[in-house]
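The values are calculated or read from the model by the stated rules, or taken from the named source; none is laboratory data. Computed from a predicted model, the values in this text were never measured in an experiment. For neighbour counting, all protein chains shown are included, and Cβ atoms are generated from backbone atoms with ideal geometry for every residue, glycine included. Only protein heavy atoms, including side chains, enter the accessible area calculation; ligands, DNA and RNA are left aside. Shrake-Rupley method; radii C 1.70, N 1.55, O 1.52, S 1.80 Å.
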Amino acid sequence: HNLQYMRTETHVQDISIFFDMFVFLHFCVEVKDVEPTEPLGPVVADNASRQHRYASGQYFFEYLVVVSLKKTKDGSSYEPQITYQFPKRDGMAKFQKEEEEKTLKALTLFCFPEGINWAPLTEYHSETFSFVLTEVDGSRRNGYCRRLLPGGKGARPPEAYCIISTLACFGLFSKIFDEVEKRRQISMAMIYPFMQKLREAPFPAPGNTVEIKSFIPESGTEIISLTRPLDSWLEHVNFATLFDCLTDAEVLLVFASAILERRIVFIADELGTLSQVIHAVAALLYPFTWQHTLISIVPEILIDVVMAPTPYLLGVQKRLLDQVTDQSDLLLVDLSEDKKETFIVSIGDESSILPPKLQTEILEELSNRQKEMNRVVSEAFLHFFVKTVGHYSSYVRCSRAGGQGVFEKRSFYKAIDSKTTRHFVKKFIQTQMFDLFIQEVEQQQAGPQQGED
């Protein structure tokens, strides 16, 4: 399976208008989703409010699987195997069953990307990470994984709980895993009643909350509140890890490489660090979308993907560093705490890709991110796109009445006064992310001529 970055498919017809209206729209969403006579709070399950409170047709997850490490037949090593699936899928056609078996087999690789290199442990700090599977038909599903040490005495290998969902909401699923882990410490049997109630609960609309009732021995019935953030297009992203691992200036160099669709490999010890940083880097490109290979955690068995000549964003565990450093024409970024240098391999021109003035402006905006990290970071990079390519809609013209729009590329970049900005834009408009963005705008442009609103 090819793995790609999954984001809410939001396409804007005019970035300038979109950003100018950003704060206004933020409050419009709040007014739309919240009843004026009551505070934002738990979902009330009456028919009148369900349209506002629930995301239409969306449920939390498709299934939960438990992946355990089992000894191989010769007893020399371990291999990951699915030991539980909830719910069981019955009544599927043969081809559907075959496709699902392939997907489930892939999950074992991503839950334990280290392969067979395991030994029994007496202590293990649980970790949470995510990945995205793109199926043959183009549909995308998210894998959320929590690895922990199962109950018992003595040394034992860890196990992984993996939730498969079409929904991209890392923070919400991390909280769900906290509840799963709490119940796992009591008994395996305590997990499944909770997951059944979760599966039956509709997914809340942005800015709303759903409550799950769950019984725990000696504690009684608990009410778990799960709230989606109001800005749902950022709910799969946490920029904090990115800026914990890199300085602001280093983030700009990574952004510059990503915006020109180069090959970028991130190195770290922690799986959670890799997945969070890669999703954050892809989110910096909004409203454009990374169109190439994205594998947040590369399983050891698939490490040869680093030799691919096409653009990619890859996350590789540091113990595999020797298998990556022989590559050139890429940016190799070390995210680990004990790193000697951040950029182990680089092309060398990364600092000159973005216009100097705009680099300074981004850094100034980022310096104000202490209180509202996600909002400030996303707006800083959105500002950059507004200033460089925000005038694009004036250069999409209709070839004939009712016909598809045509983007006048040469006129577009020649209209830019700044030489450094024009030099950058001439490169950026050659990327696939910009090309596909403009293609969609051209298809939507049938009808009004330039100057008509």
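Quick notes
- Along each principal axis, Cα extent of segment 162-262, largest first, Å: 53, 29, 21
- Label-point separation, residue 62 to residue 213 (7 Å along Cα→Cβ), nm: 3.1 nm
- Against the empirical 2.2 N^0.38 Å (N residues), segment 220-368 has a Cα radius of gyration ratio of 1.12.
- Dipole in debye (nearest 20) - segment 153-206, about Cα centre, beta carbon charges: Lys, Arg +1; Asp, Glu -1: 200 debye
- Each peptide in 334-342, 425-433 gets a packing score, the mean of other Cβ atoms within 10 Å over its residues, and the list from highest to lowest is 425-433, 334-342.
- Relative contact order of segment 56-168, defined on C-alpha pairs under 8 angstrom at six or more residues apart (%): 31 percent
- Each Cα pair under 8 Å and six or more residues apart adds its separation to the average, and for segment 191-290 the resulting relative contact order is 20 percent.
- Interatomic Cα distance distribution for segment 340-383, bins of 10 angstrom, percent: 24, 38, 35, 3
- Normalised per residue, the volume of the convex hull around the Cα set of segment 330-444 (Å³): 142 Å³
- To put it simply, the accessible area of segment 159-236 at a 1.4 Å probe is 52 percent carbon and sulfur.
- Filter on 71/105; 318/427; 88/175; 73/318; 153/175 - keep pairs with C-alpha separation over 22 Å: 318/427; 88/175; 73/318; 153/175
- Length-normalised contact order of segment 280-405 in % [C-alpha pairs under 8 Å, at least 6 apart]: 18 percent
- When both bridge partners sit in segment 216-360, DSSP labels roughly 20% of those beta bridges antiparallel.
- Accessible area in square angstrom per residue, segment 289-429, 1.4 angstrom probe: 49 Å²
- Taking the empirical scaling 2.2 N^0.38 Å for compact globular proteins as reference, segment 271-352 has a Cα radius of gyration ratio of 1.08.
- Each of the peptides 252-264, 304-316, 412-424 was scored by the mean count of other Cβ atoms within 10 Å over its residues; in descending order, highest first, they stand as 252-264, 304-316, 412-424.
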